Amino acid sequence: MRGLSMFSAAMSPPEFRLARLLREVRATWLLALPLVLGQLSAVAMNVVDTVLAGHHGGLTLAGVGVGSGVWSIVLLLLIGVLMAVPSFVSQYNGANRRDAIGPLFRQALWLAFAMGVGLFVLARFGGVLLDAMHVASNVRPEAIAFLDAISWGAPAFALYLVCRYLSEGIAWTVPTMVFGIAGLLVLAPLGYALMFGAFGLPELGAAGLGYATTIVLWLQVAGLVAYLAR
């Protein structure tokens with residue numbers, strides 16, 4: 001520490017400001033890069049669904065596209081409410097009030113679970129929204145099948161967000177990247193198998209993609225919970 005202080009004192013003011021800027025840029029880069037990659041992997045899951053659905057058929061692609069539009073309402077509601085968690089966690093962590101993080105995390109889990117169950121019910125009644133949108137009758141069965149399957153993942157996604165935001169709030173951003181990319185790598189083969197009926201599995205079409213996404217969401221939250229517990 002003494003040598004570092006002597007080194008800083010020997011630097012001119014412009015050199016000191018440049019060195020400090022470079023340290024801040026490096027720290028920000030290391031903190032933000034996993035978040036960016038994790039978010040890109042989450043967006044890429046929709047791309048994987050679209051590509052697989054397109055190879056299955058036009059009606060499957062249309063059904064998944066319409067169903068994903070309704071599912072995005074669920075995602076936006078959960079993200080919009082729960083994104084307050086990392087702000088409070090980081091504030092408590094920075095103020096050295098870690099004893100307040102536990103109660104906040106537990107209350108957020110209860111809120112997330114309640115919202116997940118409520119949005120599960122909303123997704124199950126997605127057919128009402130499809131009627132209001134005047135979706136073509138030949139597309140509705142595929143869209144409803146996709147929504148019915150993916151709706152089981154609503155509670156998992158809600159709980160995953162809380163655990164992810166807790167991790168990010170205390171500057172553990174790498175798990176966001178790791179579990180995001182892992183989920184993407186699992187979704188592609190699993191979605192293919194359930195949609196096309198590969199490896200002895202039944203061919204489920206659009207519903208197969210919904211079930212694959214649901215399974216990935218539950219695996220992600222289970223893995224992140226295990227990581228945080230350690």
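The values are calculated or read from the model by the stated rules, or taken from the named source; none is laboratory data. Because the structure is a prediction, the values reported are computed rather than measured. Glycine also receives a Cβ, built like all others from the backbone with ideal geometry; neighbour counts cover every protein chain displayed. With ligands, DNA and RNA removed, areas are computed over all heavy atoms of the protein, side chains included. Shrake-Rupley method; radii C 1.70, N 1.55, O 1.52, S 1.80 Å.
What to note about this one:
- Additional length obtainable on full extension of the chain from Leu185 to Leu201, 0.36 nm per residue less Cα span: 3.8 nm
- Sites Asp99 and Phe125 - FRET efficiency at Förster radius 35 Å, r taken between beta-carbons, to 0.05: 0.25
- Each helix, a run of at least 4 DSSP H residues, gives -39500 (n - 2.57); summed and divided by the residues of the chain, these come to -29000 deg cm²/dmol at 222 nm.
- Ratio of Rg to Rh over the range 82-162 (Cα coordinates, Kirkwood Rh, two decimals): 1.22
- Nitroxide proxy distance, nm - points 7 Å out along Cα→Cβ at Val43 and Leu76: 1.6
- Additional length obtainable on full extension of the chain from Ala226 to Thr50, 0.36 nm per residue less Cα span: 60.3 nm
- Accessible-area composition of the range 100-149, carbon plus sulfur, in percent [1.4 Å probe]: 71
- Mean Kyte hydropathy of -1.0 or more with a Cα span along the axis of at least 27 Å, helices from DSSP in the chain: 13-56, 58-82, 101-124, 174-196, 206-229
- Selection from Leu82, Gly118, Tyr92 lying farthest towards where the dipole of the chain points positive, charges on Cβ: Tyr92
- Environment charge at Ile150 (Cβ cut-off 15 Å; Lys +1, Arg +1, Asp -1, Glu -1): -2
- Only Lys, Arg (+1) and Asp, Glu (-1) charged, at Cβ; the chain dipole about Cα centre in debye: 960
- Cut-off 13 Å between beta-carbons: net charge of the residues surrounding Gly205, Lys and Arg +1, Asp and Glu -1: -4
- Total formal charge among the other residues, if their Cβ is under 15 angstrom from that of Ile101, Lys/Arg +1 and Asp/Glu -1: +2
- Comparing mean-square fluctuations of Gly69, Gly127, Gly200 from a GNM of the chain with C-alpha springs under 10 Å, the top value falls on Gly200.
- For the range 80-224, the Stokes-Einstein estimate of translational diffusion at 25 °C and a viscosity of 0.890 mPa s comes to 147 µm²/s, using the Kirkwood hydrodynamic radius over alpha-carbon pairs.
- Probe 1.4 Å, accessible area per residue of the chain, Å²: 55
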